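To start, the structure under review is shown below, and the notes come after it.
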Amino acid sequence: MILPYACGVTENRTSGRTTTRRLAEVAKKVGVSEATVSRVLNGKPGVSEATRQAVLTALDVLGYERPTQLRGERARLVGLVLPELGNPIFPALAEVVGGALAQRGFTPVLCTRTAGGLSEADYIEMLLERQVSGVVFAGGHYAEEDAPHDHYHRLLKLRLPVVLVNAATEGLGFPCVSTDDQVAVEQAYRHLVALGHERIGIVLGPEDHVPSRRKLNAFLAEARRAGLPAEPDAIERTLFSLEGGQAVATRLVRRGITGIICASDVLALGAVRAVRRLGMSVPEDVSVVGFDDSAFMNCTHPPLTTVRQPIEAIGRTAVTLLVNQIDGASVTAEELLFEPELVVRGSTGPARARVPA
């Protein structure tokens with residue numbers, strides 16, 4: 001899926017009627033005359049640089065090929081590559097990044113992977129054909145050690161400006177902005193300990209997923225600090241889906257876990273469903289903590305306690321880092337970590353007192 005237009009799909013428009021239609025569409029989009037558009041496309045003088053750039057951007061957005069003599073210039077387009085739109089956190093990030101790009105005079109091209117659809121590498125090929133100025137990735141294969149990374153190395157060789165959102169595997173060398181996974185788990189774990197929970201479990205993504213690894217390390221460290229057990233049967237991994245969260249949370253609850261920390265809100269909602277399917281209640285029997293604070297988590301039943309990612313700050317910083325690269329400025333290659341915030345709602349409560357045997 002690609003928005004706002006079909007990237008990489010172009011037509012050969014050579015007829016006079018089609019050319020006239022193209023001029024009219026671009027002129028309407030920019031708010032100038034068809035004669036002005038014609039002057040830009042034919043490289044004629046007498047047009048301001050701002051108008052010229054607006055016309056070229058309109059060509060890109062409408063899906064028309066640039067004239068041959070103008071194809072060497074990069075379009076004021078920026079690719080935003082997301083793994084999905086089903087998780088509300090990604091549309092929220094897209095809104096922030098898209099708005100910040102528009103304020104800088106760039107047009108976002110939203111690319112999302114779908115089952116059986118185009119891969120990240122396919123999207124990169126299309127974006128490069130469009131002469132994009134840069135790419136922002138969020139939640140992509142760069143966070144998975146076992147996933148293909150050849151397309152990232154290609155972007156490095158091309159020196160195309162790139163920014164990654166959330167933790168990446170080592171060795172890629174792109175600027176990266178992330179929520180501090182260690183702090184997120186510390187906040188969630190200490191909250192459950194304060195409520196009296198002693199059997200605390202965690203639901204993570206796949207083993208090669210870097211943010212999940214960071215959360216696991218923090219979980220084990222917090223268990224040691226609190227003097228509580230953190231056996232292997234308190235740790236579960238799954239895909240980031242409601243169904244995955246339900247399946248593994250069912251196992252945790254059956255093992256006696258009373259407090260569950262989840263690596264996403266979607267997983268947490270699956271955990272809540274699991275507790276109910278077992279004939280128990282949240283938070284009376286089991287407390288559940290999510291991660292993201294994505295849309296409508298305060299409207300669930302019960303409202304979800306979660307660790308909020310600072311999406312606004314992360315998205316705007318990602319755009320700043322990208323635009324600085326586009327402008328030729330040097331940017332830090334070190335990962336920038338943003339501190340999350342625990343939002344306490346109704347899905348966590350005091351642990352039930354144990355009944356003596």
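The values are calculated or read from the model by the stated rules, or taken from the named source; none is laboratory data. This one's a predicted model, so the numbers in the text were calculated from it and none came from an experiment. Cβ atoms come from the backbone with ideal geometry, glycine included; neighbour counts cover every protein chain shown.
Here is how the numbers come out for the structure above:
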| quantity | calculated |
| --- | --- |
| Where Gln325 falls short, out of the listed (1) within 19 Å of the chain's Cα centre (by Cα); (2) more than 19 Å from Ser281 (Cβ to Cβ); (3) among the polar types (S, T, N, Q) | (1) |
| Single unsatisfied condition, Ala230 versus (1) at pLDDT 95 or above; (2) in contact with a strand residue (DSSP E or B) (Cβ under 9 Å, 6 or more places away or on another chain) | (1) |
| Residue satisfying condition, being farther than 17 Å from Ala218 by Cβ, buried (at least 19 other Cβ atoms within 10 Å of the Cβ) and either at pLDDT 95 or above or of a type outside the set (A, V, I, L, M) (or both), within set Gly196, Gly201, Gly173, Gly140 | Gly140 |
| Condition met for Arg254 (modelled with pLDDT of 95 or more, farther than 21 Å from Val343 by Cα, touching a Ser or Thr at 6+ places or on another chain (Cβ under 6 Å) and of a type in the set (Lys, Arg)) | no |
| Filter result for Leu192 (farther than 18 Å from Leu342 by Cα, touching a residue at least 24 places away in the same chain (Cβ under 8 Å) and either assigned to a helix (DSSP H, G or I) or assigned by TED's automatic domain parsing to the domain that holds Val319 (or both)) | no |
| Residues being out of contact with any Ser or Thr (no Cβ under 8 Å at 6 or more places or on another chain) and more than 17 Å from Ile89 (Cβ to Cβ) - total across the stretch 130-147 | 9 |
| Strands (runs of 3 or more DSSP E) fully within the stretch 242-326 counting 1 or more residues that are surrounded by 20 or more Cβ atoms within 10 Å (Cβ to Cβ) and among the polar types (S, T, N, Q) | 287-292, 305-308 |
| Residue within the stretch 48-70 that is over 30 Å from Pro148 (Cβ atoms), among the hydroxyl-bearing types (Ser, Thr, Tyr), assigned to a helix (DSSP H, G or I) and at pLDDT 85 or above present | yes |
| Condition met for Ile314 (in contact with a Phe, Trp or Tyr (Cβ under 7 Å, 6 or more places away or on another chain) and either modelled with pLDDT under 95 or among the β-branched types (Val, Ile, Thr) (or both)) | yes |
| Flag for Thr332 being more than 27 Å from Gln246 (Cβ to Cβ) and either surrounded by fewer than 24 Cβ atoms within 10 Å (Cβ to Cβ) or assigned by TED's automatic domain parsing to the domain that holds Val162 (or both) | yes |
